[in-house]
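Novice: Structure in structure tokens, see below.
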Amino acid sequence: MKKEDLYNSIDSVVPNEVQKSRMLKEILNPKMNYVKTKPKKLVIAVIAIFCLISTTVIATNIPAFQSLLEKINPDMVKFIKPVEGVCIDQGIKMEVVAVARYDNMVKAYITLQDLEGDRIREDLSFLDYYSIKGAWSGRWSLIDLDKENKKATLFVEAENDKKFEGENLIFKVENIFYDHKKYEDYEIGIDLNEISHDPSYINATTEQFMSWSHGKLYGGLLSEEQIVPILSPHTIDFKFSNIKTSMISNIGVIDGILHVQVWRDTAFDGQGVSIYLKDSKGERIDADTTITFMLDELKKIKNPEYSYYSEYIFDINTDNLDDYKLFGDFHTSKQLKGNWEVSFKAEDS
Amino acid sequence: MEQSSLYTNDEIIDIYNRNVNTVYKICLMYLKNIPDAEDAVQNIFLKLIQGNHRFKNLEHEKAWLILTSQNHCKNILKHWWKKQRVDIDNISEISYEENNTFDDIWKQILLLPNKYKIVIYLYYYEGYSTEEISEILNIKSPTIRSQLSTARKKLKIILEEDIE
């Protein structure tokens, strides 16, 4: 090893900007007693239908357990004991391999293996579609990925508000997200000079919206009776070549104000969209007001459980639209719905 | 932040920006995981601010932080090892993302005994002489030279390559 290699290696170890900012914030505003944030309470699981679940406590000669010992923190080894529980759905096998219990905490090692495809990757995520039934709170992290065998090892930690006494815990996953892609500073090829200054729109009130944030344009928007014009959805459908789960469902100038409406396919969760403008200097201009809403069966705007549409309303001079271009930041992923569930007892280690 | 320190917020930010990378590297070398290293970084800067330490110059400030980082991390590790058993709730796993952020040389540095890590870091990265390291760590020069020599051999053995 050369000195410069050693230097470069150490030099590369730096906190990123998010870490730096987080640490500085704590230093400038220290808590009286620093307490690690408890994980939030999780949604309780429902019924398993298509899984094979067994929670047999078994002997130590399990290949999966032996394989696990090579991957984990050696300090954990003396606490864990092997367990067996398998569930296969959509060609993905979930297996609980080992568990340790200590007072009100349980730590489990669970693997996910793709038996048919290439869906278990390092960007594996579940968003909110996982739960640990039987515990007050819990979290998981990916600690190992065997790319050759397409197998991920998860470290699952569950906490209770009192000591565990042999309860049966169930770790359940309902959606696997993978192949995450980000498209940042994506220029949306709509010529703002060509858009309508007399688009079709609907007058709506704030009680019909799922959520809305407003700036100067609707500074007085406090009353539920306040009328806000919303573009009629799907009058134009401008699609993106790479992004299949969003499109511009309408765009136009209403009463001198630029509105851009985005449709998002809620059948695919985990998709993120943000629309903005750039001026002739390349400066980013965010929307003054953003409104999310849905349509009912009569194509009327209603307050939904999930938002299908977002309307971005910009505070700019619409007499000079050739000074602006439309951009977006998009986050997409693939989604696999299924029912993966393994159970294990919170017994003494 | 309530002003219980001689430092203004702007001064704190300046000190932090000058030294955070150094303190972070040392803490991560000792504690080996990012969350604990971040906690330690915060506590070390808080010690500086709340202790109202003032320094002759920037080198003095940096040296104080290096020594304090080392001592803080050693205290943390000593506290863990003093227990009759390691409580399971103190054991964590390094995430796949964290584990794959660092190269093999860094990982081998982490495998060194703690007393050799800091001398390797100060000598090969910060560029201090053995005399300067001796002053910073308050350890005799011959001991520093001996630790450096042993650390070189260990790294060479681990990586099976020559350190020039």
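Novice: Would you mention how many residues in segment B:80-103 are modelled with pLDDT under 65 and assigned to a helix (DSSP H, G or I)?
Specialist: Filtering segment B:80-103 for residues modelled with pLDDT under 65 gives B:80-90.
Remaining after also requiring assigned to a helix (DSSP H, G or I): B:80-82, B:88-90.
Here the count works out to 6.
Novice: Give me the residue from segment B:119-134 that is without any contact (Cβ under 8 Å) to a residue 40 or more places away in the chain and not in a helix (DSSP H, G or I) and, out of that set, least open to solvent (accessible area, probe 1.4 Å).
Specialist: Checking each candidate, the answer is B:TYR128.
Novice: Further question: Inside segment A:13-24, can you point out the residues that are at the interface with another protein chain (Cβ under 7 Å from one of its Cβ atoms) and either closer than 22 Å to B:GLU126 by Cα or in contact (Cβ under 8 Å) with a residue 40 or more places away in the chain (or both)?
Specialist: Within segment A:13-24, A:VAL13, A:VAL14, A:PRO15, A:LYS20 qualify.
Novice: Being of a type in the set (Ser, Thr, Tyr), under 26 Å from the mean Cα position of the chain (by Cα) and at pLDDT 85 or above narrows it down to one of A:SER9, A:SER21, so name that one.
Specialist: A:SER21
Novice: Scanning segment A:74-92 for residues that are in a loop (DSSP other than H, G, I, E, B) and surrounded by fewer than 16 Cβ atoms within 10 Å (Cβ to Cβ), which turns out modelled with the highest pLDDT?
Specialist: A:GLY91
Novice: Tell me, which residue of segment B:1-21 that is assigned to a helix (DSSP H, G or I) and within 10 Å of chain A (Cβ to nearest Cβ) is most open to solvent (accessible area, probe 1.4 Å)?
Specialist: Here the residue is B:ASN17.
Novice: Of the conditions (1) open to solvent by less than 30 Å² (accessible area, probe 1.4 Å); (2) farther than 19 Å from A:PHE126 by Cβ; (3) assigned by TED's automatic domain parsing to the domain that holds A:TRP340, A:ALA204 fails just one. Which one is it?
Specialist: With (1) open to solvent by less than 30 Å² (accessible area, probe 1.4 Å); (2) farther than 19 Å from A:PHE126 by Cβ; (3) assigned by TED's automatic domain parsing to the domain that holds A:TRP340 applied to A:ALA204, the lone miss is (3).
Novice: So, of the residues in segment A:25-50 that are at the interface with chain B (Cβ under 7 Å from one of its Cβ atoms) and in a loop (DSSP other than H, G, I, E, B), which turns out to be modelled with the lowest pLDDT?
Specialist: Residues of segment A:25-50 at the interface with chain B (Cβ under 7 Å from one of its Cβ atoms): A:26-30.
Checking which are in a loop (DSSP other than H, G, I, E, B) leaves us with A:29-30.
Values: A:ASN29: 79, A:PRO30: 73.
Checking each candidate, the answer is A:PRO30.
Novice: May I pose another question? Specify which of the listed residues (A:GLU165, A:GLU148) is open to solvent by 80 Å² or more (accessible area, probe 1.4 Å) and either in a strand (DSSP E or B) or modelled with pLDDT of 90 or more (or both).
Specialist: Of the residues listed, the single one that is open to solvent by 80 Å² or more (accessible area, probe 1.4 Å) and either in a strand (DSSP E or B) or modelled with pLDDT of 90 or more (or both) is A:GLU148.
Novice: Let me ask something else. Return the residues of segment A:110-140 that are under 20 Å from A:GLU84 (Cα atoms) and either within 14 Å of another protein chain (Cβ to nearest Cβ) or outside any strand (DSSP E or B) (or both); say none if nothing qualifies.
Specialist: Answer for segment A:110-140, where residues must be under 20 Å from A:GLU84 (Cα atoms) and either within 14 Å of another protein chain (Cβ to nearest Cβ) or outside any strand (DSSP E or B) (or both): A:ILE110, A:THR111, A:LEU112, A:LEU115, A:GLY134, A:ALA135, A:TRP140.
Novice: Here is a further query. Sort out which residues of segment A:274-284 are over 22 Å from A:SER196 (Cβ atoms) and in contact (Cβ under 8 Å) with a residue 24 or more places away in the chain, and write them in order of number.
Specialist: Just the residues of segment A:274-284 that are over 22 Å from A:SER196 (Cβ atoms), to begin with: A:274, A:280-284.
Answer for segment A:274-284, where residues must be over 22 Å from A:SER196 (Cβ atoms) and in contact (Cβ under 8 Å) with a residue 24 or more places away in the chain: A:SER274, A:SER280, A:ARG284.
Novice: Among the residues that make up segment A:249-270, is at least one of them in the same structural domain as A:ILE313 (by TED's automatic domain parsing), part of a loop (DSSP other than H, G, I, E, B), surrounded by fewer than 19 Cβ atoms within 10 Å (Cβ to Cβ) and of a type in the set (S, T, N, Q)?
Specialist: Scanning segment A:249-270, I find at least one residue that is in the same structural domain as A:ILE313 (by TED's automatic domain parsing), part of a loop (DSSP other than H, G, I, E, B), surrounded by fewer than 19 Cβ atoms within 10 Å (Cβ to Cβ) and of a type in the set (S, T, N, Q), so the answer is yes.
Novice: Among residues belonging to segment A:96-135 that are charged (D, E, K, R) and buried (at least 21 other Cβ atoms within 10 Å of the Cβ), point out the one that is nearest to A:LYS172 (Cα to Cα).
Specialist: Kept after step one, since they are charged (D, E, K, R), are these residues of segment A:96-135: A:101, A:103, A:107, A:114, A:116, A:118-119, A:121-123, A:128, A:133.
Then drop every residue that is not buried (at least 21 other Cβ atoms within 10 Å of the Cβ), which leaves A:101, A:107.
Working: A:ARG101: 19, A:LYS107: 15 Å.
Restricting to residues being charged (D, E, K, R) and buried (at least 21 other Cβ atoms within 10 Å of the Cβ), the top hit is A:LYS107.
Novice: Filter segment B:44-58 for residues that are facing chain A (nearest Cβ under 8 Å) and surrounded by 19 or more Cβ atoms within 10 Å (Cβ to Cβ) and give the result.
Specialist: Correct list: B:PHE45, B:ILE49.
The values are calculated or read from the model by the stated rules, or taken from the named source; none is laboratory data. Since the model is a prediction, treat every value here as computed from it, not as a measurement. Every residue, glycine as well, gets a Cβ built from its backbone with ideal geometry; the counts of neighbours run over all protein chains shown. Just so you know, the surface numbers come from the protein's heavy atoms only, side chains and all, with ligands and any DNA or RNA stripped out. Shrake-Rupley method; radii C 1.70, N 1.55, O 1.52, S 1.80 Å.
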